[in-house]
Amino acid sequence: MSDRPILRVQHIAKSFGTVLAVNDVSFDVRPGEIFAFLGPNGAGKTTTIKMLTTLLRPTTGSLELDGLDVTMHPTEVRKRFGVVFQDPSLDSELTAWENMDIHGVLYHVARHARRARCEVLLRMFELYERRDDLVKTFSGGMKRRLEIARGLLHTPKVLFLDEPTLGLDPQSRNQMWTHVRNLRATEGVTVFLTTHYMDEADRVADRIAVIDHGRIVATGSSAELKQQTGTDSLEAAFLALTGTMIRDESATAADQMRQVARVWRR
Amino acid sequence: MAVVFVLWLREVKKYLRSRVQIVASLGGPLMYLGVLGFGLGPVFQRAGEGSYLQFMAPGVIGMAVLFTAMFSGIAMLWDRQFGFLKETLVAPVPRLAIMIGRTLGGATVAVLQGTLIFVVTLIAGFRPVSVLAVPLAFLLIALVAVVFAALATAIGSTIKEMQGFQMVMNFLVMPIFFLSGALYPLPGLPRVLAALTRVDPLTYGVDGMRGLLIGRGSAHFGVAFDVAVLLAVGVVFVAAGAWRFSKIEA
Ligand SMILES: Nc1ncnc2c1ncn2[C@@H]1O[C@H](COP(=O)(O)OP(=O)(O)O)[C@@H](O)[C@H]1O
Ligand SMILES: [Mg+2]
């Protein structure tokens, strides 16, 4: 692994009106790493991914991907990452193959390379047999796998996965993580993922950044986080770091209130 | 170029696959042709205006083109809702290429639908004055399709909620249709109505089609003038569409 970080995030912040979604976040990701953002709903994970993927401009701070400034060189940066958003972004009226093919064209992958690559990836994600079926006939797990396959089509250096297991049944979740862990070996790609499931962060990530209320409260491997907090499980470490257990879906509104309150207090 | 093509192809493929929708979309025009064409036909004839079916066919074709092109705006909201839009917005390609691909796709689908209705009117008894005029009429139809597909892109890029589209259909698309003179002749309208028809781009589309398909004398403004207006409006709407599309935030 080389020393230059593939992702370098320095003091980024993003506010939506009075809501401070991301507040002075900094971290580095090394090439080939699987790096996880672990935090409850409303912590600012998706907002961070949107900034890293050029969809949102940070209010302040700087983002670099593969040495390129994300806001200054969006097109160059876009060629270098693949992304699976939290909400699906497939065209369900098209087939799996057509979705892949359009992506290849959008990323300027030459025709024969595109064919070969689509085949390899669809096989890898066990979708090749279903390649000519409309995506609307796929299960949630299959759709998510197709999105990951599509995100890898242009051989990106970084793959962003925003809550890739959200809404999947336990079996598909396991399968998903097996795929993600294999990616480093097969694709040599750096993976930046977010999750609010602790066991998943624990199992799959090399390093974890714990994020809560828009701030990173700790960064390190699962072992380091436990050691740092003197606890023996990631759950306990999380509790020690944030003072709360991870909250579930319904917490978003309350979070928003808290964030508004925090801005007002300043 | 490949990007424009592949996004264009996506729209066309999806249209050709939506068989049920195509059949359903024949309902409106058929109703106008059937009920109004045969219902008002005798009155129209007695008023000395000739065959109402001949008169109305270009209007019904224009209606099909208008509605289909505007529906490409719905497709955009749909893509926003179900995410495919984001896939194109993070791709390393200029927004303009995406916008042009989508808009041309929407326009092409509108032309296909217009063609289908054209065939329907022929079956119903519509007879263009000359076969030679038909290709020219298609150029005009294509122009109308681009005008409204670009308008739909501008609107689809601006509104975010599905409900917004209902508003657009009721307060923009229906008036555009009814004010266009698709169903009634333009000469001798009350002044207010005449003024309104003149700001409606579809008026010039229908008028031009009449001029080409049912004879020179039947165009109120003249085909050349109609084309000139449509070209100018087309340039404005495409620019507006490109501008609005460039402002979309994910
Ligand atoms: N477009 C937006 N407008 C206003 N507030 C937003 C917007 N996007 C996110 N937020 C708010 O920012 C905070 C962080 O959201 P998000 O990044 O989606 O969290 P996470 O992905 O960790 O669940 C939340 O309080 C959310 O309500
Ligand atoms: Mg999120």
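The values are calculated or read from the model by the stated rules, or taken from the named source; none is laboratory data. All of these numbers come straight from a predicted model, not from anything done at the bench. We place every Cβ from the backbone using ideal geometry, glycine too, and count neighbours over all the protein chains shown. Accessible surface is based on the protein model in full, side chains and every heavy atom, while ligands, DNA and RNA are left aside. Shrake-Rupley method; radii C 1.70, N 1.55, O 1.52, S 1.80 Å.
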Here is a check on your reading of the model: is A:Asp132 in a loop (DSSP other than H, G, I, E, B), modelled with pLDDT of 95 or more and within 14 Å of chain B (Cβ to nearest Cβ)? yes
Any residue at all in the range B:145-156 that is closer than 20 Å to B:Ala57 by Cα, touching an Asp or Glu at 6+ places or on another chain (Cβ under 9 Å) and either buried (at least 16 other Cβ atoms within 10 Å of the Cβ) or among the aliphatic types (A, V, I, L, M) (or both)? no
Of these, A:Ala236, A:Ala254, A:Ala261, A:Ala223, which one is modelled with pLDDT under 80, away from ligand 1 (no atom under 16 Å from the Cβ) and either part of a helix (DSSP H, G or I) or within 14 Å of chain B (Cβ to nearest Cβ) (or both)? A:Ala236
Is one or more of the residues making up the range A:84-101 part of a loop (DSSP other than H, G, I, E, B), open to solvent by less than 40 Å² (accessible area, probe 1.4 Å), without any contact (Cβ under 8 Å) to a residue 24 or more places away in the chain and within 9 Å of chain B (Cβ to nearest Cβ)? no
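If I ask for residues that are of a type in the set (Val, Ile, Thr) and open to solvent by less than 10 Å² (accessible area, probe 1.4 Å), which ones from the range B:133-144 would you list?
Those that are of a type in the set (Val, Ile, Thr) and open to solvent by less than 10 Å² (accessible area, probe 1.4 Å): B:Ile141, B:Val144.
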Considering only residues that are touching a residue at least 24 places away in the same chain (Cβ under 8 Å) and out of contact with any strand residue (DSSP E or B) (no Cβ under 9 Å at 6 or more places or on another chain), look in the range A:55-83 and name the one that is surrounded by the fewest Cβ atoms within 10 Å (Cβ to Cβ). A:Lys79
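Please go through the range A:38-54 and pick out each residue that is more than 8 Å from ligand 1 (Cβ to nearest atom) and either more than 14 Å from every other protein chain (Cβ to nearest Cβ) or in contact with a strand residue (DSSP E or B) (Cβ under 8 Å, 6 or more places away or on another chain) (or both). Before you say what the answer is, go through the steps one by one.
To start, the set of residues in the range A:38-54 that are more than 8 Å from ligand 1 (Cβ to nearest atom) comprises A:38, A:51-54.
Matches in the range A:38-54: A:Leu38, A:Met51, A:Leu52, A:Thr53.
Return the residue satisfying two criteria in turn: it lies in the range A:135-160 and is within 16 Å of ligand 2 (Cβ to nearest atom) and touching a helix residue (DSSP H, G or I) at 6+ places or on another chain (Cβ under 7 Å), and of such residues it is farthest from the other protein chains (Cβ to nearest Cβ). Explain how you work it out, then say what you get.
Step one: list which residues in the range A:135-160 are within 16 Å of ligand 2 (Cβ to nearest atom), which gives A:144, A:147, A:160.
From what is left, the residues that are touching a helix residue (DSSP H, G or I) at 6+ places or on another chain (Cβ under 7 Å) are A:144, A:160.
Details: A:Arg144: 12, A:Phe160: 10 Å.
Applying the filter and picking the extreme gives A:Arg144.
Hey, among the residues in the range A:64-83 that are among the β-branched types (Val, Ile, Thr) and not in a loop (DSSP other than H, G, I, E, B), which one's farthest from ligand 2 (Cβ to nearest atom)?
Residues of the range A:64-83 that are among the β-branched types (Val, Ile, Thr), as a first pass: A:70-71, A:75, A:77, A:83.
Retained after the next criterion (residues that are not in a loop (DSSP other than H, G, I, E, B)): A:75, A:77, A:83.
On the way: A:Thr75: 25, A:Val77: 21, A:Val83: 13 Å.
Per the criteria, the residue is A:Thr75.
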